[in-house]
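The values are calculated or read from the model by the stated rules, or taken from the named source; none is laboratory data. Treat the numbers as computed from the prediction; the structure is a model and nothing was measured. For neighbour counting, all protein chains shown are included, and Cβ atoms are generated from backbone atoms with ideal geometry for every residue, glycine included.
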C-alpha cells in the first residue's frame, strides 16, 4: 500500500485511491441498490480510509477540495481530515444537504465524526433532531450518540440526556428505519453513562425492539437492548 507522510493536494489523494482500489469492493458498490447516482467508488473500506486519513492529518483546505469530488472515497476522506476548529455551522448545514447515501451520513455524524468534535455539536444536534428532514434527524441522533460518549467536564448533564430519551420515546413509533436506527444508537450511548440513564434508555429500547434494517437479510436486526444489558455495561455501571 502506498504511503504519504502528508497529503496536501487532491491529485495525491486521487493517485492513492487508484493505487489502492479494491475490485471486490467496486463490484459490491455497483450491485448495491443504495449507490448514489453519479458517484464513483474505488471500493476501499473505511478502516483503510481511516488509516490513510490519519497519515494526512487535519487539513480544512484539502477537505473542502475533496468534498466537491464525485468519488465516494474522496468525500469520506474529506470528512475524516476536516478540522473541527475550522468548521462552522453553515458548512455543516450545507454538507448535510449533500450527503449521497447512508454510509456518508454515518461517517458525517457518527463513528467518531469530525463534526462531533466541534464546539457547536450540542447546538446542532438539538436542532437537527427536531427537523422535518429525515437526514438531519438521523444525523442529529448520530451526533447525540457521540455527545453521550464525552467524558469532558463540559459535557451535558443527566437531565439533558433524560429529555432526549423522553423525546425518542414519543417519536420512535413514526420514525423511518434509518432514523429509528440512529435513535437506537443514541440510546445505546446514553444508556452507558449512568445507572439512571441506563434504566431510562433500556425502557425505550425495549419498546422499539429489534430493528430489521437490512432488506437483504444478510445482517441481523439491531437490538439496542442487547447493547444496554451486556456484560461490559453491567460491569461499568455496577449492575
Suppose the filter is over 22 Å from the mean Cα position of the chain (by Cα), in contact (Cβ under 8 Å) with a residue 40 or more places away in the chain and either on the phi < 0 side of the Ramachandran plot or outside any loop (DSSP other than H, G, I, E, B) (or both); does residue 187 pass it? no
Residue check, residue 43 surrounded by fewer than 21 Cβ atoms within 10 Å (Cβ to Cβ), without any contact (Cβ under 8 Å) to a residue 24 or more places away in the chain and assigned to a helix (DSSP H, G or I): no
Candidates 226, 192, filtered to the one that is surrounded by fewer than 21 Cβ atoms within 10 Å (Cβ to Cβ), in contact (Cβ under 8 Å) with a residue 24 or more places away in the chain, under 21 Å from the mean Cα position of the chain (by Cα) and more than 23 Å from residue 96 (Cβ to Cβ): 192
For residue 200, are the conditions met, namely being surrounded by 13 or more Cβ atoms within 10 Å (Cβ to Cβ), closer than 25 Å to residue 151 by Cβ and within 19 Å of the chain's Cα centre (by Cα)? no
In region 70-111, anything touching a helix residue (DSSP H, G or I) at 6+ places or on another chain (Cβ under 7 Å), in a loop (DSSP other than H, G, I, E, B) and surrounded by fewer than 17 Cβ atoms within 10 Å (Cβ to Cβ) is listed as 83, 84, 86
What about residue 210, is it touching a strand residue (DSSP E or B) at 6+ places or on another chain (Cβ under 9 Å) and surrounded by fewer than 18 Cβ atoms within 10 Å (Cβ to Cβ)? yes
With respect to residue 173, is the statement that it is farther than 28 Å from residue 98 by Cβ and not in a helix (DSSP H, G or I) true? no
For region 231-239, state whether one or more residues are over 16 Å from residue 122 (Cβ atoms), at pLDDT below 95 and in a loop (DSSP other than H, G, I, E, B). yes
Are any residues in region 208-222 under 24 Å from residue 165 (Cα atoms) and under 18 Å from the mean Cα position of the chain (by Cα), and if so, which ones? 211, 213, 222
Being modelled with pLDDT under 95, at positive phi and out of contact with any strand residue (DSSP E or B) (no Cβ under 7 Å at 6 or more places or on another chain), is that true of even one residue in region 52-59? yes
